[in-house]
1. Just the Cα atoms of region A:93-160, one point each, no solvent: what log10 I(q)/I(0) does Debye give at q = 0.25 Å⁻¹?
2. Each residue of region B:265-276 in turn: what ³J(HN,Hα) in whole Hz from Karplus with 6.51, -1.76, 1.60 and θ = phi - 60°, glycine and Pro shown as x?
3. A:Arg125's amide H: which non-local residues (gap 5+, or another chain) put their own amide H closer than 5 Å, with H modeled 1.01 Å from N in plane and none for Pro or chain starts?
4. Placing +1 on the Cβ of each Lys and Arg and -1 on the Cβ of each Asp and Glu in region C:145-261, which of C:Gly190, C:His228, C:Gly165 has its Cα farthest towards the positive end of the resulting dipole?
5. Size of the dipole of region D:83-159 about the Cα centre, Lys and Arg at +1 and Asp and Glu at -1 on the beta carbon, nothing else charged, in debye to 20?
6. If you average the alpha carbon positions of region D:272-288 and of region D:60-114, how far apart do those two centres end up, in angstrom?
7. Note the direction-averaged projected area, equal to a quarter of the hull surface, for the Cα convex hull of region C:116-191, in nm².
8. Give me Rg over Rh for chain C, both radii from the alpha carbons and Rh done the Kirkwood way, two decimal places.
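Coordinate-derived values only; no laboratory data. Nothing here was measured: the structure is a model prediction, and the numbers come from that model. Every residue, glycine as well, gets a Cβ built from its backbone with ideal geometry; the counts of neighbours run over all protein chains shown.
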Amino acid sequence: MEPRLTVASDTVTPRSTASATSASTKSRPSFGSDVVKDRAYNAANPRNNLINSDIAYRVKQNLDLHHLWTDLSIHRVEVVSPEAFPLLDDGQIVLVLGRPPDKLYSSDSYDQDGSPKEEWILPVRTESKWSLKRWVSVFESLAAYQGVRPDRMLMAMYTEDSTVVYYFVHWGLINPRKN
Amino acid sequence: MKKRNLNAIYHSPLPVEVVALPPLVPHNPISVAYYVYQLVFVPFLWGFKRRRRLTAYMELYTDSVSSYVSSIAVGSYEDMQELWKAGFFGKGTQSRSDPTWVLRTSKRLQEASGETEIVAPEEVTARRRAARKKFKNARALVEQGVVSNPADPEKVETNEERRGQKLTRAEDMALRDSEGKVRQLEKLQLTFQEAFFLAYALDIIDIYDGRTGDLVTVPYLLGLLMPDWSPDNSFIVNYVVYHHYRSHGWCVRNGVKFGVDYLLYKRGPPFSHAEFGVIVIPLYSDESKNQLMRRDWYWSSGVNRVVGGVKKTMVLCYVKVPDCIDKWHSVEELLKMYEVREVVLRRWIPSRNRD
Amino acid sequence: MQMVENDAADLIPISFIDGEYFAFDIEAVKRLRNDHHVAGILVGTLPQVPQQSTFLGLPVQLMPEEAALLVQKGVARIIDEGSRHEAMLAVDENDIDEATAKLKINEVESAGSESQGQLVSFTTPALSTVNRVALPESSVGAVYDTPRFDVYKYLHERGYFILPGLRFGSQFLAYPGDPLRYHSHYLVRGLGYGEEFSLLELVGSGRLGTGVKKAWMVGGHVPEDEQHKLATLNSSKTIEREGSEPIEDFVSFCVEWAGFG
Amino acid sequence: MDDLDNDYDEVPVTPGQGEQENAESDDEQQDWRMLAAIGSKKSLPKRGEKEYEPTGSASDRNNLDESRQAMYTALNGERQHTSKVHISGIWYPHLRKAKVLVARGPHFKSIGKADSSGVIWLLPEEVIYLVERGSMSLYNARGDAKISLQACYAACLGACQGQERYLVYAYLKRLGFIVQRATTFDESGEERIVQKPDSCRIQRIWKFLVQKFDSFCTGLRLAIARKIPSFGPIICGGLWRSYDSIYKELQIIPFYSHRGSDLTPKSTVAPFRVAYNVWKPRPSFKKSNPGEPDFRVVVVNAQKDKMPTPAQTGALFSTLPVFHDSTSTSQQRLREGYKNVIIGVVDYGIISFITLGDVSFGDEHIYDRHAASRLSKHHTTKKRQA
């Protein structure tokens, strides 16, 4: 099924809407960093409450506008073990990649140009259920997508009133942050 | 002084206008006349008055089978202010609670940003966290043996400082319009329960379909929010709880940050912290099903610790769910088929209860 | 059941009473703590300072997972205290001779207690001297292959001290060193590989943990047909403690609040 | 505008916030090296400093060894008492009780029960408690063996109906509370009978009439408004004189109310029945006439028992007296409940106490006051007119 894209304008007015285009499903599509253009709310997998590009756009915008992240992009990642996500009918999960305004752990190192490291963000709905198998599947898929397994990712849990809470998920045991 | 300011800004607990009768002084003819005018003519004139309604837009996402509501949000500045100030409805999509993004962003983008006036709670947090981060970085340096004293300010700098007070990003260009003013990219987003309460119970808001521009009627909205019409559908169960607390005067807000369903404020966030954290649990007529759905003590202990740690009392709000519901019931009849029952849960410390 | 008083004296005795596991012997407590990083929970009253519940005394209570792992590793045995003391405690209901009993008690009390001036002092020993009866390993077998046991074993093998976690709403708390001296690092939740949990639980536990400098650690046994994935995903990135062999049948994640949002 | 500085509910969950006063807090055990201080002073020592993780340094190692040694020494202490406060007894396994032979000292003010012949009998939890603190010598029924702590546990723990019950009993006893088994301790125990209200029938009839009248009014209002039922909003732009009246109109969700609710005790099932009645420490306590307990405690096992269903809590509450009188504030009632009960939750030796309170938010009016005060100042505000 080809996902349908609904484009809404920024300041919501009733009748300036509704043009459907089809989404690009290239391996690493870039949606650009321009938030104004980026207001497309995708409607890819509504039945799948877990992972949804609609939420990915909202989370990306939240990181951009509220938390002042940079270099944000949205990625459709082919799931290596789709059985962990039975409701995912196009076999892809949607993740956000971006750079925080400053490093998130004092022990982190900076990239060569002095900017903080990029982080993977997995947008999900707060009311959904999760499992070890799903986490393994996401890390596995990211490993296949970028060639190396990330040590951690952020889970962005989105609630319908636009509350987003961000939590780190580290692969394996790590020493907890000392606050 | 402060309290009165707040009272002036947040004058009403609901976005509904109330016209109270003036005090009646029987031996003062002017007072009597004014009272009679208020009592008799105001209701008469009221019928001819055109009241301003609020407008919200609903985003749907659609697949080959059906449509699902993705968000319901208010876009106009006036409506956002109204909903926040009269009852604390909704949440700024780019703010922690009330929509202050434009204000914050304008300030941030002002080149001369030496001013220190605090306009939003987010700034307080940002400051606190920046100070904290500074300390942490300092401590890390101490641990690495770079400096010996964490209070040594010379060696302590955050990344922003090192990169030369870089307060703007490439992305920020897109935030301004042609005149250089910050665009209103923030909306006030409502929970589905809030939206339904405003549309159905208060009848103060018109919700339009963001794609077609059509007005969404209350029954149609209900159908979208609970497509399966099962009696224990999470929308209706949560709405029953939301409506219950709103109707008893509480300001009800989302509690996901604390791992609960709702927070109850006596008046609202600017006045005081929420006093209760509510967990919604459906309750069935089949007791064996309730037995199966019992939560364990680890769960309650954890939630209670989070909620109790921020000085709130945990409320388990059970919603008795009817065996079946019918689309032909009025919304009111439907809501009356449910029943709410509460239990409060608090930590008890023996040594503090001895004397 | 077998009599094992002599041939297995070096095994740490763990008392099994009314479904619970205890250590009454101070030597056992020392060995558990010093050699096997098993601390347990003191549940008894401390006789020197009996009017408080902060410092407690013997016995030490162990979790079934602890008892089971110690037995599995061959360092402890389970003593059924009920059957061991049966003969000593038994009485013929129809033939109770209280007068004789009292006489004997008087004898014991005047002989067995030391006299300090006019005051006589009476002492209760911690341990019984009657023969021990050890239960077979199967008596602890019920906890093997549960998510709780899997995660307990995984962390224990990495050198962590593990205590019950109810106060933080988790199954266990895991400490990087003796809880006497160190704070715990993890609120621990053992799960089946495909077992679902709600993200509200993650938010609650993650927030709770981060506030007290702990991470929410979730882990579970990976079924055989999935284990090959772990090997690949772990290669070159395994974090090891105490130089143990990398185990590829268990997966764990640590969750912390991101610090913003 | 200082109030906006309030970091709306972002109060950090740090150990310092609201937890630090709590002496028995958390996982953090006390520093045993400070135990020696207890003997001299009466107050408990402060919590010792703990480290993040082992560093392998010599001082680290040293601290640990010292702490352990202090603990082992304390644990090795003798359980003993002098003849001045001597208590001795015989354990009768078939009776699940101990017969007291010598009863000296202050314990019997709140412990033990005398039979018609004046012989004092101890319940198993009382026996373990006294033996464990070194206050009692216990013998087997033949009188030929002194019972060790180990044997005492083996003999008595099963008779306490779950180790968790003993733990809760001893925890509260140590802190000086007076603890007695409730009548509902045993499965067969009788439910407490709370006062029977005479007005039950009248209340039922009244409730029925109110309901009928209420539905009549709803129907009438709908008819007048000529609304098709399923479209009906409630507030519909009418003229309102107060928020109070708006709230009254909005109150359509039925709720379990405590006014006129059924007060006859329902039967409870273990573990959700009161195990112990607890009194605050008081010198005037009389076993024969204890008076109403200050607290009622239910004991559950975190492993085996889950949280009660509302039917189970309802049954439990039905056996309890009303806790708050009419002088309490609505705030107090909501936070503590009209009735409440303490649950001791036990997880392998760790006890968490929580209170369950029976409340109904629908019975408490929180809006009248501030709605009125607001209105007096701002009733002329006409912001919402087009």
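1. Summing over Cα pairs of region A:93-160 leads to -1.19.
2. Result, rounded to whole Hz: 10, 5, 10, x, x, x, 7, 6, 6, 5, 9, 10.
3. Under 5 Å from the amide H of A:Arg125: A:Tyr158.
4. Farthest towards the positive end: C:Gly165.
5. Working: 10 positive and 5 negative charges, 35 e Å.
Charge dipole, region D:83-159, about its Cα centre: 160 debye, nearest 20.
6. Measuring centre to centre over Cα atoms gives 22 Å.
7. Here the figure is 9.7 nm², rounded to one decimal.
8. On the way: Rg = 23.3 Å, Rh = 21.6 Å.
With Rg and the Kirkwood Rh in hand, the quotient comes to 1.08.
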